[in-house]
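Working notes for the structure below.
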Amino acid sequence: MAGILSLKALVDKESNKVIFVEPDNDFVDVLFSFLTIPTGTIVKLTSKQSVPLQIGCMNNLYESVANIDVQHFETEACRHMLLCPQSEAESHCRNLKVKIVDDEPKGYFLCESWHCTFFENNLVSHIRGDRCQCGRCMNVSCNLTDPSSLAEQDGGIFVKKSARLIITDDLHVMPSLSAATSSLLTKLGVMNKDSKIEQLTFKVGVNEVMDLLMSTLLSKTPLTEILLRHNNRN
């Protein structure tokens with residue numbers, strides 16, 4: 001979890017705002033991974049910060065599940081899956097250079113009934129203690145090969161290593177050489193010879209990624225909020 005990423009940012013010195021960043025694809029993968037994080041996990045993560053993030057009433061909902069006695073749930077596993085939800089992209093996100101979700105590797109469990117497992121329901125759960133269709137608990141651990149681990153990749157996680165992308169302050173992601181990019185630069189005045197633009201380099205680690213996730217939920221300018229206000233310049 002201790003990886004560090006380097007970002008080159010084009011900054012408007014007059015307004016003190018990030019225009020866009022030119023990241024390596026490790027950062028793009030981290031940013032895209034935000035879309036895979038379950039809401040319950042976001043609530044759990046952000047509630048541990050020095051200034052906890054309130055996401056509408058979701059914090060109250062999460063605390064209610066944590067505080068209600070387990071006897072009110074169908075099974076203890078039901079409460080566990082609400083408090084510690086797992087993402088289908090967990091096996092991919094395990095390889096992120098900077099991780100803010102430190103999940104244990106996903107386990108797989110079969111029904112306690114051998115006959116049910118092999119001749120009737122043939123079910124597998126990644127929640128220990130989940131209820132099988134036959135009514136028994138699924139507590140028998142098994143090993144399964146994750147198909148995503150066998151997929152051919154060029155070293156990337158969500159985006160190809162060969163892709164060249166830029167990210168605007170409001171998190172629009174686009175190819176670095178495109179008509180959309182040229183239009184954006186012109187609109188922002190970057191192509192104007194009188195514009196006061198400078199390129200800065202920033203270091204981004206776990207704390208900055210966590211702050212970026214929180215800022216993404218609240219702000220229209222999350223990169224400016226995190227890179228310039230937190231002063232992570234190299």
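The values are calculated or read from the model by the stated rules, or taken from the named source; none is laboratory data. Treat the numbers as computed from the prediction; the structure is a model and nothing was measured. Cβ coordinates were reconstructed from backbone atoms using ideal geometry, including for glycine residues, and neighbour counts include every protein chain displayed.
Assorted remarks:
- Arg79 fulfils the conditions (1) within 22 Å of the chain's Cα centre (by Cα); (2) within 22 Å of His126 (Cβ to Cβ) except for a single criterion, (1).
- Some residue of segment 23-37 being touching a Lys or Arg at 6+ places or on another chain (Cβ under 7 Å) and not hydrophobic (A, V, I, L, M, F, W, C): yes
- Segment 130-144 - residue that is in contact with a strand residue (DSSP E or B) (Cβ under 9 Å, 6 or more places away or on another chain) and assigned to a loop (DSSP other than H, G, I, E, B) and, of those, modelled with the highest pLDDT: Cys132
- Across segment 197-224, the qualifying residues are those that are in a strand (DSSP E or B) and not basic (Lys, Arg), and the one among them that is surrounded by the most Cβ atoms within 10 Å (Cβ to Cβ) is Val204.
- Helices (runs of 4 or more DSSP H) fully within segment 1-83 that include at least 3 residues being surrounded by fewer than 15 Cβ atoms within 10 Å (Cβ to Cβ): 58-67.
- Test result for Lys44, more than 28 Å from Leu83 (Cα to Cα), among the charged types (D, E, K, R) and touching a residue at least 12 places away in the same chain (Cβ under 8 Å): no
- Pairs are defined by a Cβ separation below 9 Å, a sequence spacing of at least 6 or placement on different chains, a first member in segment 1-24 that is over 17 Å from Val98 (Cα atoms) and at pLDDT below 90, and a second member that is part of a loop (DSSP other than H, G, I, E, B) and not small (Gly, Ala, Ser); the pairs so defined are Asp12/Leu188; Asp12/Val190; Asp12/Lys196; Lys13/Lys196; Glu14/Lys196.
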